[in-house]
Amino acid sequence: MSQQLDPYRVLQVSPSADQAEIKVAYRRLARRYHPDRAPDDASHARMIELNQAWELIGDGAKRAAYDLANGIVSRRQDRVRAQANASDRGFESVAGAPGARGGGGSMGSRDSTPGEAVPHAGPPPGRPSGSILTFGRYSGWSLGEIVRLDREYLEWLARMPIGRQYFNEIRDLLAAHAQATAPVEPERPRRRGIFR
């Protein structure tokens, strides 16, 4: 390794990404450039870079040492302060919103750009049911309130690591909501056959 390797750039994640995002990014790229799938020399070299980057920041303790040695800790603290200031003004960082591109997410963005703030959804509409979220644009809302107004957000939350603790509850709410909103088919008259 003749030049300094930037593991965040190699893994295509932000320095403020959490360990779960880094792991997902590494696995995605490793599947793409693995020698069994791409036997050319360029893919082999890329896989070596990916493994070196994973060695530097794949483990939390090694990542902390790397960040401290390269001055990344202070930049991460600045970002945390900026997010705290944004939430004081009633905004949530895009990194926690569905469709965010920040931190190497692969879902894409409908109407926001990295670093842009997404407004809070406001006060809950009433009739709370289920667990109350303490993060994101629906902070202070119950899962039952969210499923009535933004079903896609709950589907997204069920797939994200931060939503794992609510997975079973979200699954039940989505199933009940789908059943309640399913169109009712009229009952067809029974046909009498010759053997009935």
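The values are calculated or read from the model by the stated rules, or taken from the named source; none is laboratory data. Since the structure is predicted, the reported quantities are computational estimates derived from the model, not experimental observations. We place every Cβ from the backbone using ideal geometry, glycine too, and count neighbours over all the protein chains shown. Just so you know, the surface numbers come from the protein's heavy atoms only, side chains and all, with ligands and any DNA or RNA stripped out. Shrake-Rupley method; radii C 1.70, N 1.55, O 1.52, S 1.80 Å.
Scan the stretch 1-44 residue by residue and report those that are in a helix (DSSP H, G or I) and open to solvent by less than 50 Å² (accessible area, probe 1.4 Å).
Those that are in a helix (DSSP H, G or I) and open to solvent by less than 50 Å² (accessible area, probe 1.4 Å): P7, Y8, V10, A20, I22, A25, Y26, L29, A30, Y33, S43.
Among A100, A95, which is the only one that is at pLDDT below 80, of a type in the set (G, A, S) and part of a loop (DSSP other than H, G, I, E, B)?
The conditions single out A100.
Working only within the stretch 142-157, note down all residues that are open to solvent by 10 Å² or more (accessible area, probe 1.4 Å) and either over 18 Å from Q179 (Cα atoms) or aromatic (F, W, Y) (or both).
W156
Taking M160 as meeting all but one of (1) open to solvent by less than 100 Å² (accessible area, probe 1.4 Å); (2) at pLDDT below 75; (3) not β-branched (V, I, T), write down the number of the exception.
Of (1) open to solvent by less than 100 Å² (accessible area, probe 1.4 Å); (2) at pLDDT below 75; (3) not β-branched (V, I, T), only one is false for M160: (2).
Condition first: closer than 25 Å to I22 by Cα and open to solvent by 20 Å² or more (accessible area, probe 1.4 Å). Now tell me which residues in the stretch 119-138 satisfy that.
If the condition is that a residue be closer than 25 Å to I22 by Cα and open to solvent by 20 Å² or more (accessible area, probe 1.4 Å), then T134, F135, R137 are the ones that fit.
For a quick check of your reading of the model, give me the residue pairs whose first member lies in the stretch 135-156 and is at positive phi and assigned to a loop (DSSP other than H, G, I, E, B), whose second is among the charged types (D, E, K, R) and modelled with pLDDT under 90, with beta-carbon atoms closer than 8 Å and at least 6 apart or on different chains.
Close Cβ pairs (under 8 Å, with a partner that is among the charged types (D, E, K, R) and modelled with pLDDT under 90) amount to G136/E92.
Looking at the stretch 178-196, which of its residues are exposed (fewer than 10 other Cβ atoms within 10 Å of the Cβ) and small (G, A, S)?
A180, A182, G193
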